[in-house]
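A short worksheet on the structure shown next.
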Amino acid sequence: MNGHVAVLGAGSWGTVFAKILADAGRDVRIWARRERVAAQIRDTGTNPDYLPGLRLPERVTATSEAAKAISGAELVVLAVPSQTLRGNLAEWTGYLEPDVTLVSLMKGIELGTTKRMSEVIMETTRFAPERVVVISGPNLAPEIAREQPTATVVACTDDARAIQVQRAITTPYLRPYTNDDVIGCELGGAVKNVIALAYGMATAMGLGDNTKATLITRGLAETARLGVALGADPLTFAGLAGMGDLVASCSSPLSRNRTFGEHLGRGETLEQAQVATRQTAEGVKSCLSIRDLARRHGVEMPITEQVELVCHEGVKPEVAMAALLARSPKPE
């Protein structure tokens, strides 16, 4: 691989992923929606809006013009909010090189269509599945920015392409593993955001470690149920893209979804929580599409159902918790 890499999206994860690529020896062009952010990255090597204190490598530059970022890129990394992907890709597809690999960093399910991000990518670009790679795992951006060791999963139906991306992002602080279970990796990344919202609510309500451990394990169980119904490998959910990502997103104060859940658990409205957190908490919107996807496949997802009721139907968190406990007893 000799060409540059385009990272489309200058939020926390997109910015850190650009650093990873540069540290692994690649030239990177970030596309930022706002020219002010692009100029800061170009002129100062920093993105203070999202990661104050992080100095980006010299191999990273930025532009607010998508064509400049994408043209000639061998890898194009998609790091925009899930619900904006389809509209953005429709504008960007014409700039893509004929054999480019698209890499999805997004963890969500599209509203209305209930499609996973790789499905949205393939539908919008008309690319074959083997050209789409998914990254998922316990990857909290501020920790990686400090080069704290972690691992991630590079999922693709084409093993050779997965290995190509694996090599492009291997650094002393990031260890990528390949996997061919795109469905499982994407679902693990999407549903964990919803479970992290519930975990945050429980934390703010003063509930203890027994409650939190129950939310993680039963949250993983409902994720795996949906995954199996969609054709995923159940073992994926015991790995980095399943349990690993879920534990990180629930247990860390750095997690946007957990933090958003804490605001809801303190009795704030959705709007108040949004103002306080300022960044996208994917689980807030994805809980709707995941609930719809589960119903379409006849899968019970009680935690997801209750999170949706709190986020979008005004149910109080303590009422939602009581509803979970009042469910009929059953075997594990």
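The values are calculated or read from the model by the stated rules, or taken from the named source; none is laboratory data. Predicted model only: the values in this text are computed from it and were never measured. Here Cβ is always computed from backbone atoms with ideal geometry, including for glycine, and neighbour counts include all displayed protein chains.
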Just to be sure, is Thr113 under 19 Å from the mean Cα position of the chain (by Cα), hydroxyl-bearing (Ser, Thr, Tyr), modelled with pLDDT of 95 or more and in a loop (DSSP other than H, G, I, E, B)? yes
Step by step: first the residues of the stretch 12-54, then only those that are closer than 28 Å to Val154 by Cα and hydroxyl-bearing (Ser, Thr, Tyr), then the one that is surrounded by the most Cβ atoms within 10 Å (Cβ to Cβ). Which residue is that? Thr15
Selection over the stretch 240-255 where residues are in contact (Cβ under 8 Å) with a residue 40 or more places away in the chain and either not small (Gly, Ala, Ser) or not in a helix (DSSP H, G or I) (or both) yields a count of 8
Would you be able to tell me the number of residues in the stretch 113-129 that are under 18 Å from Leu230 (Cα atoms) and among the basic types (Lys, Arg)? 2
Suppose the filter is of a type in the set (Val, Ile, Thr) and within 17 Å of Ile216 (Cβ to Cβ); does Val247 pass it? yes
